[in-house]
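Here it is, the structure in full.
The values are calculated or read from the model by the stated rules, or taken from the named source; none is laboratory data. Small disclaimer: the values here were computed from a predicted structure and weren't measured. Neighbour counts run over all protein chains shown; Cβ positions are idealised from the backbone, glycine included.
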Amino acid sequence: MTTPAPSITFDLSSLFPDYATADTREGYSGWIIKTNHLVDVATELRDTYGFDHLTSITGVDYFPEELMEVVYHVFNTTGGPVLNFKVQAVRKDPIEVPSLVSVYPGAEFQEREIWDLFGVVFTGHPDLRRILMWEGFAGHPMRKDWKEAYFEEDNKPFKSRWPEGRIVQAEDENKFSDNISYPSNFDPEKWIPEGENALYGALARYDYTNDDGITSDNIVVNLGPQHPSTHGVFRVSAVLDGEIIAQLKPVMGYLHRNHEKIGERNTFLQNMPYTDRLDYLSSLSNNFGYAITVEKLMNIEVPERAEYIRVIMAELTRISNHCMALGALFNDLGTFFTPLIYLLEERELILDIFEAVTGSRMMCNYFRFGGVARDLPEGTLEKIKGLAFERLPRKVDEIDRFMSENEIIRSRGINQGVISAEDAIKYSATGPLLRASGVPYDIRRADPYSIYDRFDFDIAVRKNGDIYDRYMVRLDEMRQSIRIIQQAASSIPEGEIQTGKPQYQVRVPAGESYGRVESPKGELGFYVVSTGKPNPWRYHVRAPSFINLTAYGPMCVGQKIADIVAILGSIDIVLGEVDR
Amino acid sequence: MYGKGILKGLGVTIKRFIDTYLDDIRWLGKRYYKPEGIAHRSSKDSRGIFTIQYPEEKLPSPEEFRFIPFLVYDEGEKGEEIIRCTSCGICAKVCPPQCIWITRTTNPETGRPVPDPAEFYIDADICMNCGLCAEYCPFDAIKMDHDYELASYSRNVLNLQDLKKPASYYEMIRPINSTAEDKARQAKVEAREAAAAKRNE
């Protein structure tokens, strides 16, 4: 199924002459909306102009200008590029911006993240708590004047390392003196973590009386963060009515390392290996997203051969990721480990190819701005062809035969954890989660990047939006990826693999750019602001598994507690990306 | 019939089970602990059980495999170790987690810097094995190793002595790359000599 991309460029300043002005800063695009009219403009955009999917919200701290900006990206699920608009507020606490949760419920977690990291108060947000840091944490770490515990300098490379460096180990460097901050009046002896109360306060508890006049209470159950079925350090807090889930809130941040702050300390190139660590099961997709975002800013082309290599690698990544995702989902559904091991075998063969090409099995660090790091070694293309033409199609069919008709999979999957198409769009879901609900939205088609417009492939869509359909969508996607690899591997041209000479210090002109790719988990977006210096001013990751979790709570309501695990498995999250 | 799907799935498992034994018989005596057996098990034709019995068996590392950098030195005629590093510091600048420290040698008489590292440290516990240092070194002096068995009781802060490895070792682990780099360096030297000869004429 193809979705034609409408090529209408929206002029918000003529649609809303009183509210919107064009962003005229050098290298910027989009529109600046007056803060108090944000909700009106967003409602109008959604209802009249079809921008029904709010994909990314992020803050930018323009510290020297005393300005705090919140940047929104919306798109139309029938295709087309993203539209970006922003609101600006004076950078003086309290910074207040109206919440968009009433218009786009998918904004919930992202606004909480901005409150957490930037300290922007979203008025009208139903549950504005910290999400990645803990309740009681002092300060907002993404602000430019906030410094971390082992702070050395604002930007890498650090002067101490070169030329007259000295060997210092991190644990010797900071004696808990000058750059750790505590809340005022902080006394560790008397400190009680109040975050838990805030969390439980957010879960609506209620008593009810049944027909016999017996008053009963419901209970709160915590799952994780140390629980083998949560795929990492992920925690779920659920209110149960008997065995039925009445309300559910995910709790995350246990793996938070402030990837974005690290990214702003790094130079543009230094950041590439860090993107591997986001979604560590599909590092090449992360490389892809970051590379095309910075290339957009730098305005450089990628040679033909490099584009083909990129597509082959990204699609192999998708297959290996889905192998892992489906294997873990089967584990969660009770088919313990046999199908996972069968799928890991195929993943293993793909990782062998990654190792031969990029040097590493998981942390590939292979893409460079304007190409890829090195050419395919001799014999690798034959290996890829062998997998794509002979082995993988057979193996995908085998898994289909193995699992699709299994009665247990079907009874635990069909009509469980259902999310309708409207809700999936509303909660900003992307990727297989959105497509399993019947929305044929795939960025490779809707807003093509790289050379995906040259290949013949179908978008995998299913209608019911339940666990089983999410499994089937992933299976179909693997088949389509194999098709893409077959075409790309047969038609890959000879030639250069990088534009210009490899440089360790790239010049990136000032401006902003938002690049997005269809990662195996959903829309992976990078928002980068450059000031022309060697380091990005702002580096934001629109993490698909984080935002897909917004729909997790609503999906679970009314299900049994045992389905929490199955539904989470069907969303396919990776905590490296959720917590960043 | 209820349970048909499960039976169909179990058929797949049984086929796998039988395949393992069939493959064992076909590769009798060669499937395990032999390089060709390991190569077969990690090829597209692999069937049945595919586990590599580490540490008795090891997967061969491909040429591009990278793990912790090392410093290459050329062996002189009298066995002296001529280190290629000029302590220019590009590796320390490009290193994403900033785990490289370099001190330049100074000539004790003149006090001028000499293009040789006096000290060179890599904090291997911080190193993320990204390979950028090796990729951007203009002198082919720092390269990524293949030795991945690094378990130790203390922190791995590697100094110049730990990091030095001969060019012959580099050639052994990366034959294709090292030959290409040698050729490129040779061409550069020849071009420089030709230019010098021209100037002298």
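Just to check your reading of the model, which residue among A:Phe51, A:Phe85, A:Phe63, A:Phe75 is in contact with a Ser or Thr (Cβ under 7 Å, 6 or more places away or on another chain) and of a type outside the set (Asp, Glu)? Reasoning before the result, please.
On the way: A:Phe51 fails: in contact with a Ser or Thr (Cβ under 7 Å, 6 or more places away or on another chain); A:Phe85 fails: in contact with a Ser or Thr (Cβ under 7 Å, 6 or more places away or on another chain); A:Phe63 fails: in contact with a Ser or Thr (Cβ under 7 Å, 6 or more places away or on another chain).
None of the others qualify; the one that does is A:Phe75.
Please indicate, with yes or no, whether at least one residue in the stretch A:384-404 is on the phi > 0 side of the Ramachandran plot and without any contact (Cβ under 8 Å) to a residue 24 or more places away in the chain.
Residues of the stretch A:384-404 on the phi > 0 side of the Ramachandran plot: none.
No - not one qualifying residue is present in the stretch A:384-404.
Across the stretch A:267-278, which residue is nearest to the other protein chains (Cβ to nearest Cβ) among those that are in contact with a Gly (Cβ under 8 Å, 6 or more places away or on another chain) and part of a loop (DSSP other than H, G, I, E, B)?
First, pick out the residues of the stretch A:267-278 that are in contact with a Gly (Cβ under 8 Å, 6 or more places away or on another chain): A:271, A:274-275, A:277-278.
Going one step further and asking which of them are part of a loop (DSSP other than H, G, I, E, B), we end up with A:277-278.
Numbers: A:Arg277: 8, A:Leu278: 14 Å.
Filtering the stretch A:267-278 for residues that are in contact with a Gly (Cβ under 8 Å, 6 or more places away or on another chain) and part of a loop (DSSP other than H, G, I, E, B), the one nearest to the other protein chains (Cβ to nearest Cβ) comes out as A:Arg277.
Can you confirm whether A:Tyr527 is in contact (Cβ under 8 Å) with a residue 12 or more places away in the chain, out of contact with any Lys or Arg (no Cβ under 8 Å at 6 or more places or on another chain) and buried (at least 21 other Cβ atoms within 10 Å of the Cβ)?
Details: in contact (Cβ under 8 Å) with a residue 12 or more places away in the chain: yes; out of contact with any Lys or Arg (no Cβ under 8 Å at 6 or more places or on another chain): no; buried (at least 21 other Cβ atoms within 10 Å of the Cβ): yes.
Judged against the criteria, A:Tyr527 is not a match.
Being under 29 Å from A:Pro273 (Cα atoms), at pLDDT below 85 and in the same structural domain as B:Glu171 (by TED's automatic domain parsing) is the requirement here; does B:Thr86 meet it?
Values: under 29 Å from A:Pro273 (Cα atoms): yes; at pLDDT below 85: no; in the same structural domain as B:Glu171 (by TED's automatic domain parsing): yes.
Spelling it out, it is not the case that B:Thr86 is under 29 Å from A:Pro273 (Cα atoms), at pLDDT below 85 and in the same structural domain as B:Glu171 (by TED's automatic domain parsing).
Quick check: is even one residue across the stretch B:121-136 away from chain A (no Cβ under 11 Å), more than 16 Å from the chain's Cα centre (by Cα), modelled with pLDDT under 90 and not in a strand (DSSP E or B)?
The answer is no; no qualifying residue exists.
Do we have A:Asp453 as touching a strand residue (DSSP E or B) at 6+ places or on another chain (Cβ under 8 Å) and farther than 30 Å from A:Gly532 by Cβ here? Walk me through it before giving the result.
Values: touching a strand residue (DSSP E or B) at 6+ places or on another chain (Cβ under 8 Å): no; farther than 30 Å from A:Gly532 by Cβ: yes.
The answer is no for A:Asp453.
Select, from A:Ala42, A:Ala20, A:Ala89, the only residue that is crowded, with 17+ Cβ neighbours inside 10 Å, more than 17 Å from A:Arg538 (Cβ to Cβ) and in contact with a strand residue (DSSP E or B) (Cβ under 6 Å, 6 or more places away or on another chain).
Numbers: A:Ala42 fails: in contact with a strand residue (DSSP E or B) (Cβ under 6 Å, 6 or more places away or on another chain); A:Ala89 fails: more than 17 Å from A:Arg538 (Cβ to Cβ).
Every option except A:Ala20 fails the conditions.
Can you report the number of residues in the stretch A:517-546 which are out of contact with any strand residue (DSSP E or B) (no Cβ under 7 Å at 6 or more places or on another chain) and basic (Lys, Arg)?
Qualifying residue count, the stretch A:517-546: 2.
Hey, another quick one. Looking only at the stretch A:322-342, decide whether some residue is farther than 22 Å from A:Ile467 by Cα, assigned to a helix (DSSP H, G or I) and within 28 Å of the chain's Cα centre (by Cα). Before you say what the answer is, go through the steps one by one.
First pass over the stretch A:322-342, keeping only residues farther than 22 Å from A:Ile467 by Cα: none.
No.
Is one or more of the residues making up the stretch A:366-377 of a type outside the set (A, V, I, L, M), under 23 Å from the mean Cα position of the chain (by Cα) and part of a loop (DSSP other than H, G, I, E, B)? Reasoning before the result, please.
Within the stretch A:366-377, the first condition is being of a type outside the set (A, V, I, L, M), and the residues that meet it are A:366-371, A:374-375, A:377.
Those still in the list that are under 23 Å from the mean Cα position of the chain (by Cα) too: A:366-369.
Subsequent filtering for residues that are part of a loop (DSSP other than H, G, I, E, B) retains A:366, A:369.
Yes.
Oh, and also: Count, please, the residues in the stretch B:36-88 that happen to be touching a Phe, Trp or Tyr at 6+ places or on another chain (Cβ under 6 Å), away from every other protein chain (no Cβ under 14 Å) and of a type in the set (Lys, Arg).
Number satisfying all stated conditions: 1.
Could I ask something else about it? Considering only the stretch B:29-77, how many residues are within 30 Å of B:Glu119 (Cβ to Cβ) and touching a His at 6+ places or on another chain (Cβ under 9 Å)?
In the first step, residues of the stretch B:29-77 are kept if they are within 30 Å of B:Glu119 (Cβ to Cβ); the result is B:61, B:64-77.
After this cut, where a residue has to be touching a His at 6+ places or on another chain (Cβ under 9 Å) as well, the list is B:61, B:65-67.
Residues that pass the stated criteria total 4.
Conditions tested, residue by residue: (1) over 27 Å from A:Leu433 (Cα atoms); (2) buried (at least 16 other Cβ atoms within 10 Å of the Cβ); (3) out of contact with any His (no Cβ under 7 Å at 6 or more places or on another chain).
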site	(1), (2), (3)
A:Glu26	yes, no, yes
A:Ile33	yes, yes, yes
A:Thr55	no, yes, no
A:Glu66	yes, no, yes
A:Glu69	yes, yes, yes
A:Tyr72	no, yes, yes
A:Val82	no, yes, no
A:Tyr104	no, yes, yes
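If you take the residues of the stretch A:330-356 that are touching a Lys or Arg at 6+ places or on another chain (Cβ under 8 Å) and among the hydrophobic types (A, V, I, L, M, F, W, C), which of them is nearest to the other protein chains (Cβ to nearest Cβ)?
Once the filter is applied, the top-ranked residue is A:Ala356.
Given A:Arg479, A:Arg507, A:Arg538, A:Arg516, which one is more than 14 Å from every other protein chain (Cβ to nearest Cβ), basic (Lys, Arg), crowded, with 23+ Cβ neighbours inside 10 Å and more than 30 Å from A:Ile219 (Cα to Cα)?
Values: A:Arg479 fails: crowded, with 23+ Cβ neighbours inside 10 Å; A:Arg507 fails: crowded, with 23+ Cβ neighbours inside 10 Å; A:Arg538 fails: crowded, with 23+ Cβ neighbours inside 10 Å.
After ruling out the rest, the residue left standing is A:Arg516.
Another one. Just checking, does the stretch A:394-408 include any residue being under 30 Å from the mean Cα position of the chain (by Cα), assigned to a helix (DSSP H, G or I) and at the interface with chain B (Cβ under 8 Å from one of its Cβ atoms)?
Going residue by residue through the stretch A:394-408, those that are under 30 Å from the mean Cα position of the chain (by Cα) are A:395-397, A:399-400, A:403-404.
If we keep only those that are assigned to a helix (DSSP H, G or I) too, we end up with A:395-397, A:399-400, A:403.
From what is left, the residues that are at the interface with chain B (Cβ under 8 Å from one of its Cβ atoms) are A:403.
The answer is yes, given that some residue of the stretch A:394-408 is under 30 Å from the mean Cα position of the chain (by Cα), assigned to a helix (DSSP H, G or I) and at the interface with chain B (Cβ under 8 Å from one of its Cβ atoms).
Further question: Between A:Gly359, A:Gly371, which is more than 10 Å from chain B (Cβ to nearest Cβ) and at pLDDT below 90? It would help to see each step written out before you state the result.
Working: A:Gly359 fails: more than 10 Å from chain B (Cβ to nearest Cβ).
Among A:Gly359, A:Gly371, only A:Gly371 is more than 10 Å from chain B (Cβ to nearest Cβ) and at pLDDT below 90.
If you don't mind, there's one more thing I want to ask. Filter the stretch A:410-439 down to the residues that are in a helix (DSSP H, G or I) and either touching a Ser or Thr at 6+ places or on another chain (Cβ under 7 Å) or among the hydroxyl-bearing types (Ser, Thr, Tyr) (or both), then identify the one that is nearest to the other protein chains (Cβ to nearest Cβ).
So in the stretch A:410-439, the residues in a helix (DSSP H, G or I) come out as A:410-413, A:421-426, A:432-435.
Add one more test, that the residue is either touching a Ser or Thr at 6+ places or on another chain (Cβ under 7 Å) or among the hydroxyl-bearing types (Ser, Thr, Tyr) (or both), and what stays is A:411, A:421, A:424-425.
Working: A:Ser411: 10, A:Ala421: 28, A:Ala424: 28, A:Ile425: 33 Å.
Top of the filtered list is A:Ser411.
Continuing with the same structure: Out of B:Lys34, B:Lys78, report the one residue that is under 24 Å from A:Ile341 (Cβ atoms) and without any contact (Cβ under 8 Å) to a residue 12 or more places away in the chain.
Numbers: B:Lys78 fails: under 24 Å from A:Ile341 (Cβ atoms).
Criteria check complete, one pass: B:Lys34.
Anything in the stretch A:253-266 that is assigned to a loop (DSSP other than H, G, I, E, B) and either of a type in the set (A, V, I, L, M) or within 8 Å of another protein chain (Cβ to nearest Cβ) (or both)? List them, or say none.
Pass one, the stretch A:253-266, residues assigned to a loop (DSSP other than H, G, I, E, B): A:253-258, A:266.
Scanning the stretch A:253-266 gives A:Leu255, A:Asn266.
Also, quick follow-up: For the list (1) without any contact (Cβ under 8 Å) to a residue 60 or more places away in the chain; (2) within 8 Å of chain A (Cβ to nearest Cβ), I need the number of the one condition that B:Ala151 fails.
(2)
Can you pull out every residue in the stretch B:163-181 that is closer than 20 Å to B:Cys88 by Cα and without any contact (Cβ under 8 Å) to a residue 60 or more places away in the chain?
B:Glu181
Name every residue in the stretch B:102-120 that is within 13 Å of another protein chain (Cβ to nearest Cβ) and small (Gly, Ala, Ser), in order of residue number. Spell out the reasoning first.
Filtering the stretch B:102-120 for residues within 13 Å of another protein chain (Cβ to nearest Cβ) gives B:102-106, B:113-120.
Matches in the stretch B:102-120: B:Ala118 only.
For every residue, the table says whether it meets (1) modelled with pLDDT of 90 or more; (2) surrounded by fewer than 23 Cβ atoms within 10 Å (Cβ to Cβ).
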site: A:Glu243; (1), (2): no, yes
site: A:Met252; (1), (2): no, no
site: A:Phe268; (1), (2): yes, no
site: A:Met272; (1), (2): yes, no
site: A:Leu284; (1), (2): yes, no
site: A:Phe288; (1), (2): yes, no
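Residues that are within 14 Å of chain A (Cβ to nearest Cβ) and in contact with a helix residue (DSSP H, G or I) (Cβ under 8 Å, 6 or more places away or on another chain): does the stretch B:14-27 have at least one?
yes
Among the residues of the stretch B:92-120, write down those that are assigned to a helix (DSSP H, G or I) and in contact with a strand residue (DSSP E or B) (Cβ under 7 Å, 6 or more places away or on another chain).
Of all residues in the stretch B:92-120, those assigned to a helix (DSSP H, G or I) come to B:92-94.
If the condition is that a residue be assigned to a helix (DSSP H, G or I) and in contact with a strand residue (DSSP E or B) (Cβ under 7 Å, 6 or more places away or on another chain), then B:Ala92 is the only one that fits.
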